[in-house]
Structure formats: C-alpha cells, structure tokens
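Trainee: After the structure tokens below, expect a handful of questions from me.
What follows is calculated from the coordinates using simple rules that are stated; it is not laboratory data. The shown structure was predicted, so the numbers you read here are calculated from the model rather than taken from an experiment. Methodologically, a virtual Cβ is constructed for each residue, glycine included, from the backbone with ideal geometry; neighbour enumeration extends over all protein chains shown.
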Amino acid sequence: MLSLSRAAKKILGREQRELSNGLQKAFQGVSISGVNVNMHVHSRSLSTHLGDNNNPNDALIVIGSGVAGCSAALIAAEKHKIPVTLLCAGSLPTDCNSYWAQGGIIYRNYDPAANDSAASLVADVQRAGAGLCDDGAVWKLALDGPDRVRELLLDESEEGRYANVPFDRTQDGNLSCCLEASHAAPRIIHFADHTGKAITEHITAAALNHPLISVVTDTIVTDLITAETEDKQKICLGTHTLHKNTGQRQSLVSTRGTILASGGLGGIYEHSTNPAGFNALGSSTSLATRAGAHTSDLEYVQFHPTALQIPNESCFLLTEALRGEGAILRDRNGRAFANDFHPDGELAPRDIVARGVFNENQKVDDGNNVFLDITHRDSEWLKSRFPSINAHLQQRGMDITKDHLPITPAAHYTCGGVTTDLEGCTNIMGLFCAGEAARTGLHGGNRLASTSLLEGLVYGGAAGDFVGRPEQGGLVHEILKETLHRSSETRDQIREWQDGKSLKKNSAEAENDKEGSKELLKKVRRIMWDHVGVVRTPIGLTHAMSKLAEIKEEASDLMRKNPCVETVGIRDAAYAGESVTQAALANRVSAGAHCIVLEGPDVNEVEASIEPQEDSTETSQEIGGALRLR
Ligand SMILES: Cc1cc2nc3c(=O)[nH]c(=O)nc-3n(C[C@H](O)[C@H](O)[C@H](O)COP(=O)(O)OP(=O)(O)OC[C@H]3O[C@@H](n4cnc5c(N)ncnc54)[C@H](O)[C@@H]3O)c2cc1C
C-alpha cells in the first residue's frame with residue numbers, strides 16, 4: 001500500500017546526525033514529545049526510552065492497550081528494539097474490549113487426532129464471512145496464528161518478555177482445546193469463561209514491564225497529525241492528546257509511525273456487548289476518516305444474538321457456548337421458536353439467530369419477548385461451566401439454573417474498519433492499523449467466533465514487524481524524519497492544539513456542553529439501533545444519514561469550544577456512525593451481517609441493480625425472512 005517514492009531514495013543518502021540536529025532546532029520551543037510523567041499511572045519517564053540519537057520523537061506511537069496494541073508494541077520493542085509509547089484512554093491498560101472476551105482464542109491444534117489444518121480453519125472463516133473474505137488475509141491468520149500465540153502468549157523463556165497465560169489444560173498437561181459453533185475442529189484455547197481477562201492481564205503486564213515501552217494511561221487521542229512529503233504523499237507524524245482528568249492538551253510526534261489499535265465501534269449502538277467508555281466509540285474510524293485514511297466494509301457490524309437485556313444497564317454477553325450446551329430460545333409464553341426461522345434452530349449462524357431474536361422482540365411493545373433457557377441442565381455443572389455469567393446474574397438477583405434470561409441482539413464486533421494491507425499499512429504513510437480497528441479483509445461479511453483475539457496478535461505483530469524492518473519501517477522512518485524536519489504545517493498544527501483555549505472551561509456552560517454531549521450520544525445510539533441496526537432499509541438509512549450529519553456538526557462545534565471526554569466521545573461516535581451508515585446505504589446486497597430490506601418506491605430500481613453473490617443464498621432467503629418482520 002505504501003508507495004516509497006523518489007523522496008525515499010534521496011533521503012536514504014543523507015547523514016543521520018545532520019537530520020537529527022536539524023529536527024531538534026526545528027521544534028525548539030514546541031513541546032512535541034509532550035508527555036508529562038505525572039499523568040501516567042503506570043509509565044516511566046520518556047527520557048529512559050530514547051531512540052536514535054537520543055531523540056524522543058523516535059518512539060513508535062501505539063494507540064490502544066488491547067491485544068492488538070500490546071502485540072504491536074511488544075514485537076516492535078522486544079524483537080526490533082524500537083522504543084514505544086503506548087497510549088490508552090482507560091485508567092488501567094486492561095480497560096479495553098479484549099478484557100471482556102469470554103470464549104477463547106483459536107490455536108490450531110497439531111494433534112492429528114484433532115483432524116485440523118490451516119485449510120480447514122480457512123474454510124470456516126470464509127464460510128462465516130459469506131464468501132466476502134480476502135483469501136490472503138485469512139491464510140495469514142491461519143498460517144501465522146499458532147506461532148504468534150506461542151510467541152506472545154505462551155512465553156516460557158527465562159527472560160519472559162512476552163506473556164505466559166495460564167490457559168486451561170487437560171489432565172495430561174496439554175492445552176485444552178474446545179469446539180465452538182461453526183468451527184470444524186476443537187481449536188479454541190481458553191481460561192474458563194473469561195479468557196480475555198487472563199490474556200489482557202498478562203499481555204498488558206508484559207508491556208508495562210518492558211524497558212522500551214512506556215504506557216501512558218488516561219490519555220485520549222483526539223486527532224492524528226498529518227503532513228505531506230515533498231512528493232505530496234500524505235503522512236502521519238503523530239497524535240494530539242487530551243488528558244481525561246486534567247484536560248491537558250499535548251501533542252506527540254513520532255518519526256517511527258503511529259499504530260491505530262483503538263478498537264471498534266460497537267459502543268455507538270443503543271444495545272451493545274461492548275463495555276462503556278472509550279473502548280468502542282468509533283475513535284479508530286473517526287480519527288482515520290478525519291486524517292484522510294480509507295475505510296471499508298463498515299456496513300458489516302456483527303450483532304450478537306444473545307445479550308442480557310436489563311433496563312438502564314449496558315448489555316452483558318451471554319456466550320454462544322450456552323446455546324452450544326443446549327440453551328433454548330423461548331418467547332414470553334415459553335414457546336421455543338428457533339426452528340421457525342432456521343432448521344438448525346439455536347445453532348444456526350450468528351447473524352440468522354440475531355435476526356430471529358430481533359424479529360420476536362419486535363412483536364411486543366416493550367421489545368422484550370425473548371428469553372434464553374438452560375435450566376434443564378444440571379445446576380452444579382452450569383455454575384462451574386459458566387462462573388462469570390453465573391456471578392453476573394447473581395448480582396442482579398437472577399439465577400442461571402432457574403430463570404429464563406431476557407435477551408436482545410446487541411452490536412458486538414466491527415468486521416470492517418480502516419483499510420490496511422497484510423502488514424497494517426494504510427493509505428497514509430506512517431499510519432498503521434491493527435485489530436478490530438482494521439479492515440484487512442479477514443472477516444468479509446461476518447466474523448467467525450474467536451478469531452478476533454488471534455487477529456490482534458497476528459496483525460498487531462505484523463505491524464510491529466513492519467515498523468522494525470530496516471527495508472520497510474526503516475525507510476518510512478527516514479521519510480517521516482525528513483518531513484518533520486521541514487514541515488512548518490506540523491509545527492502550526494501542534495501550536496494550534498496546545499495553545500487552544502477552552503472557551504467555556506469550568507463554567508456552567510461547560511457543564512451544559514457535557515450534558516448536551518451525553519444527550520447527543522444517546523441520540524446517536526438510538527438512531528444507529530433503529531435505522532442502522534440488525535435490519536436496515538434505504539429509507540431508514542437515508543433518514544439516519546441526515547440526522548447524524550446534523551449531530552456531527554453540533555458535536556464538532558462542542559469539541560472545538562470545549563474539548564473534554566464527553567465532547568471528544570460524541571464527535572467520534574457521530575463520525576463513526578455516519579461512516580457506517582454511508583457504507584450501509586451504498587451496499588444494496590444483503591450478505592453476512594448486513595441485512596437490507598429493499599422496500600418503497602425505489603425498490604424496482606435498486607432490485608435491478610442487485611447482482612446475486614456466490615455463497616449468499618442463505619442471506620437471499622433471509623431477505624424474504626426479513627420482510628416478514630414488517
Ligand atoms: C463481550 C465480548 C466478548 C468477546 N469474546 C471474544 C472471544 O471469546 N474471542 C475472541 O476472539 N474475541 C472476542 N471478542 C472480541 C474481542 O474481544 C475484540 O474484538 C478484540 O479484543 C479487540 O482487540 P483490540 O486490541 O483491537 O481492541 P480493544 O481491546 O478494544 O482495545 C482498544 C484500546 O484502544 C483504546 N482507545 C480507544 N479509543 C481511544 C482514543 N481515542 N484514544 C486513546 N485510546 C483509545 C482503548 O482505551 C483500548 O485500550 C469479544 C468481545 C466482547 C465485547
């Protein structure tokens with residue numbers, strides 16, 4: 001994706017020292033590394049992580065502390081000895097979506113008795129993706145996956161620079177591999193039903209302990225700093241940040257590049273399994289779009305069919321494994337209805353079950369007509385098999401062994417994202433992207449269960465490797481250094497951000513802005529759920545586009561006047577919502593997680609433009625099924 005140009009060749013011949021001295025002069029008086037030691041709970045002083053020629057700008061910036069961000073940071077720092085500054089919005093680096101993963105992570109089992117192979121995994125991913133996956137991306141996951149798991153998560157070496165996660169093991173000491181829906185072989189390793197917690201605690205600890213990684217918490221990236229090379233190629237030189245608690249504005253420049261690993265956008269929906277806060281408010285899409293990076297496949301938002309529905313609470317995921325273990329979908333009269341919408345009933349593909357549940361909930365005014373029932377299984381076994389779910393329910397006065405659990409589909413995973421190649425490069429030089437933030441082509445129209453943690457390791461690791469290789473990242477490094485050296489545009493952007501005054505800070509008006517932003521976020525979430533949700537129509541999407549455009553304007557205005565957690569959050573959510581809606585409106589073919597019902601006056605016109613796709617038979621039938629929803 002990168003076009004390494006004439007500028008690259010010119011620059012490669014130059015004296016490193018001359019450039020570095022020039023850089024320091026060029027930025028005199030501007031706080032470009034700008035990270036205040038006091039503001040990080042966990043990090044060390046940047047001065048101990050200086051790169052080439054002791055220049056703090058030589059640290060790679062990684063945005064996000066989930067599996068993707070930590071993998072990229074660890075590979076760059078440990079394997080390639082590149083200093084890294086890892087920024088995250090949470091007060092703890094474990095505050096990320098990765099932490100909440102329940103089921104597990106794919107680790108292809110080499111035991112011949114398991115009858116598994118890379119080709120078998122590839123076939124499963126492609127089937128789930130409705131035939132829309134990019135082969136190269138799927139094969140990369142299948143081939144590189146096992147080595148990345150061993151390298152990053154099963155590090156038993158003495159130095160132990162990576163993580164060593166205590167996954168569940170069988171009695172003979174081997175990793176316990178379980179089977180999940182739509183997987184042809186038992187290849188998912190896990191830690192009870194809170195695998196994400198175990199992985200995240202260990203991989204963030206590895207990042208925190210690494211001498212070349214500086215973890216900066218409570219820091220929201222508000223924008224990317226971009227400039228142009230002499231050849232007019234757009235490049236990314238770093239980030240503007242806002243401290244969550246103090247409101248301090250800073251800018252961080254990097255001549256190594258910036259890796260966006262800031263997760264997905266499930267949180268912009270009224271019903272979402274993603275945790276609250278900055279984890280899934282669409283920052284990745286929003287930052288990238290404003291910087292001019294390309295996005296794709298954003299219409300494929302995966303809805304999980306079974307999220308616990310409790311009024312005024314964010315949704316809690318009830319894992320697919322429950323249905324795997326025999327849980328039944330019932331309506332409020334106790335009738336099991338799953339065979340009405342698919343012969344495989346509860347075990348039908350995730351998007352089909354999601355639409356089935358959505359359909360039933362639509363039948364009642366309060367939208368609460370579907371319940372998950374696993375009370376027929378042994379109660380002691382249930383408690384030991386699903387300890388986290390059991391604990392969550394108990395805190396709310398419910399009992400997995402006795403109650404039918406109220407459920408709704410909920411936005412779960414962003415299959416599309418910032419368009420990258422297989423090494424994380426975007427169309428902007430020096431801007432990389434990995435994990436749920438990225439669209440590599442791996443997921444196509446829908447994600448196979450348990451692929452995303454592995455995606456974070458494989459593609460986060462690949463981005464770290466790219467940055468570390470002299471012939472790839474080294475070349476980008478030289479171009480970024482050169483551009484930074486002469487870019488007055490960058491200096492201006494930094495000064496503008498750092499000198500900017502909040503017009504209404506600490507005033508009653510500022511409080512109003514925050515409240516207003518929260519209200520706007522509720523509106524975005526409602527619009528996304530109602531019109532860009534499980535089932536979409538062109539008319540609904542058009543309505544959503546115009547509403548979101550208005551909110552985006554208002555949010556951008558609020559953010560300019562008063563940058564704070566709330567205004568930055570609503571601006572990101574509005575940008576991301578608009579991008580998803582635009583993508584959904586542009587795609588009139590239902591496939592995978594994107595279901596569009598063509599109705600109204602434009603139906604003939606659009607129907608004529610639809611070309612049937614391979615492997616979309618199931619979904620085409622679903623269009624008919626979805627029509628029954630009305
Ligand atoms: C309930 C649940 C269960 C799941 N179960 C599984 C499973 O069993 N198996 C599986 O493979 N996948 C599962 N997933 C999906 C998987 O957890 C995620 O897709 C994956 O972990 C994403 O990792 P990531 O590193 O890309 O992003 P995340 O882990 O989401 O990390 C994003 C990071 O970006 C930071 N960030 C965001 N915006 C900003 C900003 N503007 N400035 C600074 N920092 C920012 C956040 O603070 C965070 O550190 C599940 C997801 C959920 C929600």
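Trainee: Would you mind ranking Ile374, Ile199, Ile220 by Cβ crowding within 10 Å, fewest neighbours first?
Mentor: Going from least to most buried by this count: Ile374, Ile220, Ile199.
Trainee: Evaluate the distance, in nm, between pseudo-label points positioned 7 Å from the Cα of Asn209 and of Asn174 along their respective Cα→Cβ axes.
Mentor: Output for this residue pair reads 2.9 nm.
Trainee: Which of the three applies to region 452-594, rounded, prolate or oblate, going by the alpha-carbon gyration tensor with a ≥ b ≥ c and a/c under 1.5 meaning rounded?
Mentor: Working: a/c = 2.40, a/b = 1.16, b/c = 2.06.
Since a/c reaches 1.5 but b/c is at least a/b, the shape of region 452-594 is classed as oblate.
Trainee: Here is a further query. Scanning the chain for helices, which whole DSSP H stretches are 27 Å or more long along the axis (Cα) and average -1.0 or more by Kyte-Doolittle?
Mentor: Working: long enough: 508-531 (34 Å, -1.36); 538-561 (35 Å, -0.34); 565-586 (32 Å, 0.40).
Long hydrophobic helices here: 538-561, 565-586.
Trainee: What does the charge count around Arg526 come to, taking other residues whose C-beta lies under 12 Å from its C-beta (Lys +1, Arg +1, Asp -1, Glu -1)?
Mentor: +1
Trainee: State whether region 281-439 is rounded, prolate or oblate according to the following rule on the C-alpha gyration tensor (a ≥ b ≥ c being the square roots of its eigenvalues): a/c under 1.5 gives rounded; otherwise a/b larger than b/c gives prolate, and the remaining case gives oblate.
Mentor: Because a/c hits 1.5 or more and a/b exceeds b/c, region 281-439 counts as prolate.
Trainee: Starting from 0.36 nm per residue, how many nanometres of slack lie between Thr401 and His294 once their C-alpha separation is accounted for? Don't jump to the answer; show the numbers that get you there.
Mentor: Details: separation 107, 0.36 × 107 = 38.52 nm, distance 4.77 nm.
Working it through step by step, the gained length comes to 33.7 nm.
Trainee: Using a simple spin-label model with points 7 Å from Cα along the Cα→Cβ vector, what separation in nm is obtained for Ser388 and Ala113?
Mentor: 2.9
Trainee: Here is a further query. For the chain, what's the radius of gyration and Dmax over Cα atoms, in angstrom?
Mentor: 24.1, 78
Trainee: On to the next question. To the nearest Å, what is the center-to-center distance of region 520-539 and region 564-586, using C-alpha atoms only?
Mentor: 12
Trainee: Distance from the Cα centre of region 271-332 to that of region 400-456, in angstrom?
Mentor: 10
Trainee: Using only alpha carbon pairs under 8 Å that are at least six residues apart, calculate the relative contact order of the chain and give it in whole percent. Kindly include the intermediate steps, with their values, before the conclusion.
Mentor: Values: 1404 pairs, mean separation 125.1, N = 630.
Relative contact order here is 20 percent.
Trainee: Taking a ≥ b ≥ c as the square roots of the eigenvalues of the Cα gyration tensor of region 395-531, is the shape rounded (a/c under 1.5), prolate (a/b larger than b/c) or oblate? Walk me through the intermediate numbers first.
Mentor: Numbers: a/c = 2.88, a/b = 1.23, b/c = 2.35.
Because a/c hits 1.5 or more and a/b fails to exceed b/c, region 395-531 counts as oblate.
Trainee: Here is a further query. Work out which GluC sites (Glu not before Pro) in the chain are exposed loop sites (DSSP not H, G, I, E or B, at most 13 other Cβ within 10 Å) and give the longest gap free of them. Each step should come with its number before you reach the end.
Mentor: Details: sites that count: Glu15, Glu156, Glu158, Glu159, Glu313, Glu614.
In the chain, the maximal stretch lacking such sites is 314-613.
Trainee: Once the piece of chain linking Ala508 and Val364 is laid out straight, how much longer is it, given 0.36 nm per residue of separation minus the C-alpha distance between them? Before the final figure, lay out each step's value.
Mentor: Values: separation 144, 0.36 × 144 = 51.84 nm, distance 4.19 nm.
Here the segment from Ala508 to Val364 would lengthen by 47.6 nm.
Trainee: Compute the signed sum of charges (Lys and Arg +1, Asp and Glu -1) over the other residues within less than 13 Å, Cβ to Cβ, of Arg447.
Mentor: Net of charged neighbours comes to -4.
Trainee: For region 90-167 and region 363-380, what is the centre-to-centre distance using only Cα atoms, to the nearest Å?
Mentor: Result: 32 Å between the Cα centres.
Trainee: Could you list Arg439, Arg330 in order of exposure, starting from the residue whose Cβ has the fewest other Cβ atoms within 10 Å? Intermediate results must be reported in sequence, preceding the final value.
Mentor: Details: Arg439 25, Arg330 18.
Starting with the residue having the fewest Cβ neighbours, the order is Arg330, Arg439.
Trainee: Let me ask something additional. Below 8 Å between Cα atoms, with a sequence gap of 6+, how large is the relative contact order for region 304-410 in percent? Show your work: numbers first, answer last.
Mentor: Numbers: 158 pairs, mean separation 37.5, N = 107.
Worked out over region 304-410, it gives 35 percent.
Trainee: Something else now. Convex hull over the Cα atoms of region 214-319, averaged projected area in nm²? Please list the in-between numbers first.
Mentor: Details: hull surface 36.7 nm².
Averaging across all directions leaves 9.2 nm² for the Cα convex hull.
Trainee: Can you sort Thr222, Thr239 so the residue with the fewest Cβ neighbours within 10 Å comes first?
Mentor: So the ranking, lowest neighbour count to highest, is Thr222, Thr239.
Trainee: Using a Förster distance of 51 angstrom, determine the FRET efficiency expected from the C-beta separation of Glu313 and Lys81, and round it to 0.05.
Mentor: Working: r = 46 Å, r/R0 = 0.90.
It comes to 0.65.
Trainee: Given a Förster distance of 35 Å, report the FRET efficiency between Glu230 and Glu550 from their Cβ-Cβ distance, rounded to the nearest 0.05.
Mentor: Rounded to the nearest 0.05, the efficiency is 0.30.
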